[in-house]
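A.B. asks: Please read through the structure below; I'll follow up with questions.
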Amino acid sequence: MKARQIMAMTASAIRFEQDEKEWINTFAQLNGNSFSAQVRQWTLERLEDEMDAYDLKMAIAKDNGERIPFEKVIADLEIAI
């Protein structure tokens, strides 16, 4: 995960059914996390995954089909392998 600047955190409320909260809390404890830290981690990981998927979608939309052979890249960069 990327290094982050220390910032003031704000609180948000998310409603869970009691059994859902217990399930998440049990998982969090198994991983040495608090309930809040676990939900925060999952949320940020999901956001990153969604952003990656969006970036891929945009890259595919811009793709013109041109491909450069690996051997040419190596030669152009003068890399000895």
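A.B. asks: Work out the P(r) tail for the range 1-41: percent of alpha carbon pairs separated by more than 17 Å, whole number. Mind showing how you got there, number by number?
C.D. replies: Numbers: 340 of 820 pairs.
I get 41 percent for the Cα pairs in the range 1-41 exceeding 17 Å.
A.B. asks: From the helices alone, meaning DSSP H stretches of at least four residues, give me the mean residue ellipticity at 222 nm for the chain, per-run term -39500 (n - 2.57), in deg cm²/dmol to the nearest 500. Display every interim value, and only then the final one.
C.D. replies: Working: 3 runs with 48 residues, N = 81.
It lands at -19500 deg cm²/dmol.
A.B. asks: May I ask for the angle, rounded to the nearest 10°, between helix 18-30 and the longest principal axis of the chain, with both axes built from Cα atoms and the value confined to 0 to 90°?
C.D. replies: The two axes meet at around 60 degrees.
A.B. asks: Relative to the longest principal axis of the C-alpha atoms of the chain, give the angle of the C-alpha long axis of helix 35-62, reported between 0 and 90° and rounded to the nearest 10°.
C.D. replies: Long axis of 35-62 versus the principal axis of the chain: about 30 degrees.
A.B. asks: How far is it, in nm, from the label point at GLN29 to the one at ALA80 when both lie 7 Å from their Cα along the line to the Cβ?
C.D. replies: 6.0
A.B. asks: Could you tell me, in Å, what Rg and Dmax come out for the Cα atoms of the range 42-81?
C.D. replies: When restricted to the Cα atoms of the range 42-81, Rg and Dmax are 16.1, 43 Å.
A.B. asks: Can you give the log10 of the normalised intensity I(q)/I(0) at q = 0.12, 0.23 Å⁻¹, computed with Debye over equal Cα scatterers of the chain?
C.D. replies: For the requested q values the scattering log ratios are -0.66, -1.18.
A.B. asks: To make sure I understand the rule: partners must be aspartates and glutamates, Cα under 20 Å from the Cα of LYS21, and not fewer than 8 residues away in the same chain. Which ones qualify?
C.D. replies: Hits, sequence-local ones excluded: GLU45.
A.B. asks: Same structure again: Please work out how much length the chain gains when fully extended from ASP49 to ILE14, using 0.36 nm per residue of separation minus the C-alpha to C-alpha distance, in nm with one decimal. Show your work: numbers first, answer last.
C.D. replies: Values: separation 35, 0.36 × 35 = 12.60 nm, distance 2.08 nm.
Contour length minus the Cα-Cα distance gives 10.5 nm.
Read the figures in this text as sums done on the coordinates, not as results from a lab. Note that the coordinates shown come from a computational prediction; the quantities given were computed from them, not determined experimentally. Cβ sites come from the backbone with ideal geometry, for glycine too, and all protein chains shown count toward neighbours.
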